[in-house]
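Notes for the one structure printed next.
The values are calculated or read from the model by the stated rules, or taken from the named source; none is laboratory data. Predicted model, so just to flag it, every value in this text is computed and none were measured. Using ideal geometry, Cβ is built from the backbone for each residue, glycine included, and neighbour counts are taken over all protein chains shown.
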Amino acid sequence: MRVSLCALLLIVGCATPSVVGPVTGRVYDWLDPVLRREERLAHYKRQNLQISPEEQQRLLAGQIWIGMSSDLARISMGNPDDVNRTVYSFGVHEQWVYECWKSSVKLPCTFLYFENGKLTSWQD
């Protein structure tokens, strides 16, 4: 039985591309959010910034923790949807807002709070 070229292209076109992670070498679906974290982590490491193996694993798992830098939070969570910044005489306060979809409506669902570039609290 002959398979038409169109049918073959349709089958091949439906295959999900795979990408090798630049840090772990793990193969990911190109839409996998862990791949995005790994790409951000690789970019951070290319800038010769120090990060421990434990922090690296936590970031790839999408974790956040009190005292982490805003750079590390960006690796773990990605870019915020909105940033509210307040400058005081004693420093800078930032609220990062991450939105999510609930019942077909985009709503704020996670808030990170930074003082002078360090995570001090969050709401989810």
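For this structure, a couple of remarks:
- Count of segment 81-99 residues which are more than 16 Å from the chain's Cα centre (by Cα), within 17 Å of D124 (Cα to Cα) and among the hydroxyl-bearing types (S, T, Y): 0
- Contact map, segment 50-70: residues that are closer than 20 Å to T24 by Cα paired with residues that are surrounded by 10 or more Cβ atoms within 10 Å (Cβ to Cβ) and among the β-branched types (V, I, T), Cβ distance under 7 Å, separation 6+ or inter-chain. Pairs shown: L59/I75; L60/V34.
- E38 vs. criteria of a type in the set (D, E, K, R), within 25 Å of T120 (Cα to Cα) and surrounded by fewer than 16 Cβ atoms within 10 Å (Cβ to Cβ): no
- Among the residues examined, I51 does not qualify as in the same structural domain as F111 (by TED's automatic domain parsing) and farther than 16 Å from E94 by Cα.
- Residues of segment 44-97 that turn out to be surrounded by fewer than 16 Cβ atoms within 10 Å (Cβ to Cβ), among the polar types (S, T, N, Q) and assigned to a helix (DSSP H, G or I), as a count: 1
- None of C100, C109 is loosely packed, with under 13 Cβ neighbours inside 10 Å and outside any helix (DSSP H, G or I) except C100.
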